[in-house]
Amino acid sequence: MKKIESFLVDHTRLSEGLYVSRRDNTPSGDILTTIDIRMQWPNHSYIQPKAMHTIEHLGATWLRNDVVLGDKVVYFGPMGCATGFYLILQGEWDSHQLVDTMIRLMAFIRDYKGEIPGATMKECGNYLYHDLQEAKKVAAEYIECLYNITAEKLSYPKD
């Protein structure tokens, strides 16, 4: 069986960053760009599952309401390895175009007060499985990465 593209990235050389994972042409001719929001250093650290769930709820809500990206968001969700999230956007995007938006998103999560959107029994299949304080901590740490982002953290490592 052919490996999928994300498994071909050398995770021993990958660090926290913001990467274009892939671009796909849809049957209708549209382009979808998958963004790798890598918040943790692979195989060295990971996001606690409850915090990941909270970031997913806050992130998906904020992104879909963002005036710049809202109508372009196809999907926002966690990576199974718990080191970050995938964001799928309509259109052709580059990582550097999204740094400021990711800083705004992470600041929103870092500073969030109130009830987590969609975290009731009626709205979520595991509504008690959240950790807002840990989500805020993870967002604050990732903002530091984004403030100091370099070219090598905007493109996957080359062989």
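Based on what the data block shows, is Gln97 of a type in the set (S, T, N, Q), open to solvent by 80 Å² or more (accessible area, probe 1.4 Å) and out of contact with any Lys or Arg (no Cβ under 6 Å at 6 or more places or on another chain)?
yes
The set of residues from segment 36-84 being assigned to a helix (DSSP H, G or I), touching a residue at least 60 places away in the same chain (Cβ under 8 Å) and of a type in the set (Val, Ile, Thr) comprises Thr54, Ile55. Annotation: Gly84 fulfils all but one of (1) open to solvent by 20 Å² or more (accessible area, probe 1.4 Å); (2) in contact with a strand residue (DSSP E or B) (Cβ under 7 Å, 6 or more places away or on another chain); (3) farther than 20 Å from Ile31 by Cα; the unmet one is (1).
Tell me yes or no: at least one residue of segment 1-10 is at pLDDT below 95 and of a type in the set (Val, Ile, Thr). Looking for residues that are at pLDDT below 95 and of a type in the set (Val, Ile, Thr), one finds at least one in segment 1-10, hence yes. Taking the condition of being open to solvent by 70 Å² or more (accessible area, probe 1.4 Å) and either among the hydroxyl-bearing types (Ser, Thr, Tyr) or in a helix (DSSP H, G or I) (or both), how many residues in segment 110-126 meet it? Residues that pass the stated criteria total 2.
The residues of segment 135-159 include none that are more than 20 Å from Gln97 (Cα to Cα), among the β-branched types (Val, Ile, Thr) and either without any contact (Cβ under 8 Å) to a residue 12 or more places away in the chain or touching a Leu at 6+ places or on another chain (Cβ under 7 Å) (or both). The test for being hydrophobic (A, V, I, L, M, F, W, C) and closer than 25 Å to Pro42 by Cβ does not hold for Leu128.
The values are calculated or read from the model by the stated rules, or taken from the named source; none is laboratory data. These numbers were taken from a predicted model, which means no experiment stands behind them. Please note: Cβ atoms are built from the backbone with ideal geometry, for glycine as well, and neighbour counts cover all protein chains shown. When the accessible area is computed, the model is the full protein with side chains, heavy atoms only, and any ligands, DNA or RNA have been set aside. Shrake-Rupley method; radii C 1.70, N 1.55, O 1.52, S 1.80 Å.
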